1. Here are B:Thr80, B:Thr112, B:Thr69: which of them is at pLDDT below 95 and among the β-branched types (Val, Ile, Thr)?
2. Going through A:Ser72, A:Ser59, A:Ser65 one at a time, which residue ends up being surrounded by fewer than 17 Cβ atoms within 10 Å (Cβ to Cβ), away from chain B (no Cβ under 13 Å) and either of a type in the set (A, V, I, L, M) or in contact (Cβ under 8 Å) with a residue 40 or more places away in the chain (or both)?
3. Would a scan of the range B:78-96 turn up a residue that is crowded, with 17+ Cβ neighbours inside 10 Å and either assigned to a loop (DSSP other than H, G, I, E, B) or out of contact with any strand residue (DSSP E or B) (no Cβ under 6 Å at 6 or more places or on another chain) (or both)?
4. Of all residues in the range B:21-45, how many are part of a loop (DSSP other than H, G, I, E, B) and within 8 Å of chain A (Cβ to nearest Cβ)?
5. Answer with yes or no whether A:Arg63 is closer than 21 Å to A:Tyr101 by Cβ and among the basic types (Lys, Arg).
6. Looking only at strands (runs of 3 or more DSSP E) that lie completely in the range A:1-50, which have at least 1 residues being under 16 Å from A:Arg63 (Cα atoms) and within 9 Å of the chain's Cα centre (by Cα)?
7. Among (1) more than 14 Å from chain A (Cβ to nearest Cβ); (2) of a type in the set (D, E, K, R); (3) free of Cβ contacts under 8 Å to residues at least 24 places away in the same chain, where does B:Asp84 come up short?
8. Yes or no: B:Pro44 modelled with pLDDT under 95, in contact with a strand residue (DSSP E or B) (Cβ under 6 Å, 6 or more places away or on another chain) and either within 22 Å of A:Leu90 (Cβ to Cβ) or loosely packed, with under 14 Cβ neighbours inside 10 Å (or both)?
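The values are calculated or read from the model by the stated rules, or taken from the named source; none is laboratory data. What you see is a predicted model, and the numbers here were worked out from it, not measured in a lab. Neighbour counts run over all protein chains shown; Cβ positions are idealised from the backbone, glycine included.
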Amino acid sequence: DTEVTQTPKHLVMGMTNKKSLKCEQHMGHRAMYWYKQKAKKPPELMFVYSYEKLSINESVPSRFSPECPNSSLLNLHLHALQPEDSALYLCASSFRGEAPYEQYFGPGTRLTVT
Amino acid sequence: GESVGLHLPTLSVQEGDNSIINCAYSNSASDYFIWYKQESGKGPQFIIDIRSNMDKRQGQRVTVLLNKTVKHLSLQIAATQPGDSAVYFCAEKPNRGSTLGRLYFGRGTQLTVWP
């Protein structure tokens, strides 16, 4: 199984809503990532978890709150977002900085903030 | 990878022709490079990778060339097909100061294949 799954596929939320994005992998990877991607731009790293611990936070606003309940699951909790936060949110996983370094990406959640 | 810019380079090729997508990377200390393909509405998909101790690596219909002297990476696609239409990203992993295999992405190239 080389698949990273993400739910939901699409999400529309108001600026006062609270919602969560979910990501799951069963490849035994111990590093998991959240990326944000705007149209026609490369993915921008937001957070990295290693062995369920937050290792990198790329100065992401606190309205984005990541959580890693176990080695297979990664959540991104959203609260009080802004319209400019509308983007494709990608989850990825890899073998925690060890070879092979390839990151496997999920299909993403298309988020629209109204 | 290349710095993020406003313009997404494009490449249009005819079906059956060979495609060459180029990428200039920024960190001479990078020791691993990877190419991703991203179709519309989907996440990036691994195509091929190469380590810095290699100059060339071949896959199925794809070849990656690495020129460390000029910090240049290229992806060659043989006999391009309509299904190859996508945005292609290169990514690099520095061997210093890069924890957890962190990747830095280039800005991407939109490949369009026309019949």
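1. Working: B:Thr80 fails: at pLDDT below 95; B:Thr112 fails: at pLDDT below 95.
The match here is B:Thr69.
2. Details: A:Ser59 fails: either of a type in the set (A, V, I, L, M) or in contact (Cβ under 8 Å) with a residue 40 or more places away in the chain (or both); A:Ser65 fails: either of a type in the set (A, V, I, L, M) or in contact (Cβ under 8 Å) with a residue 40 or more places away in the chain (or both).
It is A:Ser72.
3. Taking the range B:78-96 and keeping what is crowded, with 17+ Cβ neighbours inside 10 Å, we get B:80, B:84-94.
In the following step, the residues that additionally are either assigned to a loop (DSSP other than H, G, I, E, B) or out of contact with any strand residue (DSSP E or B) (no Cβ under 6 Å at 6 or more places or on another chain) (or both) were identified as B:80, B:85.
Yes, because at least one residue in the range B:78-96 is crowded, with 17+ Cβ neighbours inside 10 Å and either assigned to a loop (DSSP other than H, G, I, E, B) or out of contact with any strand residue (DSSP E or B) (no Cβ under 6 Å at 6 or more places or on another chain) (or both).
4. Restricting attention to the range B:21-45, the residues satisfying the condition of being part of a loop (DSSP other than H, G, I, E, B) are B:25-29, B:39-44.
Subset that is within 8 Å of chain A (Cβ to nearest Cβ): B:41-44.
Qualifying residue count, the range B:21-45: 4.
5. Working: closer than 21 Å to A:Tyr101 by Cβ: no; among the basic types (Lys, Arg): yes.
It is false that A:Arg63 is closer than 21 Å to A:Tyr101 by Cβ and among the basic types (Lys, Arg).
6. Details: elements: A:4-7, A:10-13, A:18-25, A:31-37, A:44-50.
Output list reads A:18-25, A:31-37, A:44-50.
7. Of the numbered conditions (1) more than 14 Å from chain A (Cβ to nearest Cβ); (2) of a type in the set (D, E, K, R); (3) free of Cβ contacts under 8 Å to residues at least 24 places away in the same chain, the odd one out for B:Asp84 is (3).
8. Numbers: modelled with pLDDT under 95: no; in contact with a strand residue (DSSP E or B) (Cβ under 6 Å, 6 or more places away or on another chain): yes; either within 22 Å of A:Leu90 (Cβ to Cβ) or loosely packed, with under 14 Cβ neighbours inside 10 Å (or both): yes.
In short, no.
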